[in-house]
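These notes are about the structure you will find just below.
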């Protein structure tokens with residue numbers, strides 16, 4: 001049986017009865033009908049997650065034991081200027097101090113690494129291309145621009161805006177100095193992208209606790225751009241979605257629509273279709289978890305100054321031994337919260353584009 005004591009998993013080959021009276025025993029009912037090799041795989045993944053979390057804890061001043069599912073209540077947002085303007089900024093605060101969503105929010109939300117924190121940048125069904133600004137101090141969320149104009153994603157029929165709550169994993173980085181052996185393309189110099197498929201619409205700057213289900217590999221302008229599929233742990237379907245095959249079972253058509261959306265969304269702006277590695281296949285949870293780990297390790301090298309300089313701002317207030325760490329008293333002055341109504345946008349943003357070959 002599998003016995004869990006203080007997060008150390010032991011394997012015994014003698015089967016004994018598991019009762020609910022002992023909370024330290026892992027209920028084996030979830031493994032009925034499961035092959036021993038799959039149990040071994042689950043065990044290996046759990047041990048890997050525990051080891052990885054321990055490594056991260058050595059670098060982060062926030063005690064990993066406090067990084068739990070109640071942590072989101074400690075975060076708030078500070079909005080500067082009107083949404084839909086060039087001056088708009090969304091800063092993340094914790095305990096009254098501005099922090100970096102790129103560097104200061106722990107990747108893992110619990111001790112065994114099964115729950116992760118994500119930052120929502122773009123709520124489902126919206127069009128403004130909001131993103132964590134890698135270049136600005138403490139990395140506020142801003143709206144992306146091109147040639148001085150705000151960028152909006154186009155509506156490709158039958159879709160409206162983004163299909164999911166779109167965001168990023170903190171403390172991850174897709175290293176542009178490394179060519180992935182399977183995609184044959186370098187990283188895109190961004191935090192790892194996340195598509196949260198739960199039923200509730202999020203808001204920019206929201207910190208969600210999620211579990212990983214799978215990952216797609218978009219090849220965007222000769223760069224690897226991973227898209228991790230996750231579910232909010234508080235979603236009604238969360239207990240039923242544990243790997244990528246569960247998504248197709250309970251949310252039929254969503255993965256196909258996700259693939260199509262990423263393939264065609266740039267066409268209205270005059271660009272060609274995007275391509276995918278693995279012929280568009282969405283890889284499973286184990287593969288996705290490995291990608292998250294790789295990108296977390298890449299971020300560690302970045303924040304410790306062990307890779308060649310980039311244009312990313314690495315200023316942080318929590319990462320011990322980072323040469324870029326500052327004290328809260330050194331944070332540059334930032335104005336007070338301004339909860340202003342969005343500025344009006346061009347009505348053409350709501351236009352539908354009909355793409356030949358897209359599913360109706």
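Since every read-out is calculated from the coordinates, none of them should be taken as a lab result. As the structure is a computational prediction, the values presented were derived from the model and not from experiment. Positions of Cβ are generated from backbone atoms using ideal geometry, with glycine treated the same way; all protein chains shown enter the neighbour counts.
One table, with the values for the structure above:
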{"read-out": "Beta bridges by DSSP in the stretch 165-299, antiparallel share as percent, to the nearest 5", "value": "75 percent"}
{"read-out": "Enclosed volume per residue, in Å³, of the convex hull spanned by Cα atoms of the stretch 61-341", "value": "133 Å³"}
{"read-out": "Gyration tensor verdict on the stretch 292-352 (Cα atoms; rounded if a/c is under 1.5, prolate if a/b is larger than b/c, oblate otherwise)", "value": "oblate"}
{"read-out": "Prolate/oblate/rounded label for the stretch 80-237 (Cα gyration tensor, a/c 1.5)", "value": "rounded"}
{"read-out": "Peptides ranked, highest mean first, by Cβ atoms within 10 Å: ranges 108-117, 165-174", "value": "165-174, 108-117"}
{"read-out": "Value of D in µm² per second that Stokes-Einstein yields for the stretch 201-360, Kirkwood Rh from Cα pairs, at 10 °C (1.306 mPa s)", "value": "81 µm²/s"}
{"read-out": "Relative contact order (%) - the stretch 276-360, alpha-carbon pairs under 8 angstrom, separation at least six", "value": "15 percent"}
{"read-out": "Pairwise centroid distance, computed over Cα atoms, of the stretch 130-159 with the stretch 276-312, Å", "value": "21 Å"}
{"read-out": "Protection proxy ranking, peptides 205-213, 328-336, 120-128, average beta carbon neighbours within 10 Å, highest first", "value": "205-213, 120-128, 328-336"}
{"read-out": "Peptides 144-154, 257-267 ordered by average Cβ neighbours within 10 Å, highest first", "value": "257-267, 144-154"}
{"read-out": "All Cα pairs of the stretch 93-181, percent lying beyond 14 Å", "value": "73 percent"}
{"read-out": "Shape category assigned to the stretch 243-332 from the gyration tensor of Cα positions, a/c cut at 1.5", "value": "prolate"}
{"read-out": "Exposure proxy order (Cβ contacts within 10 Å, fewest to most) of 175, 246", "value": "246, 175"}
{"read-out": "Cα extents of the stretch 159-211 along the three principal axes, largest first (Å)", "value": "36, 27, 19"}
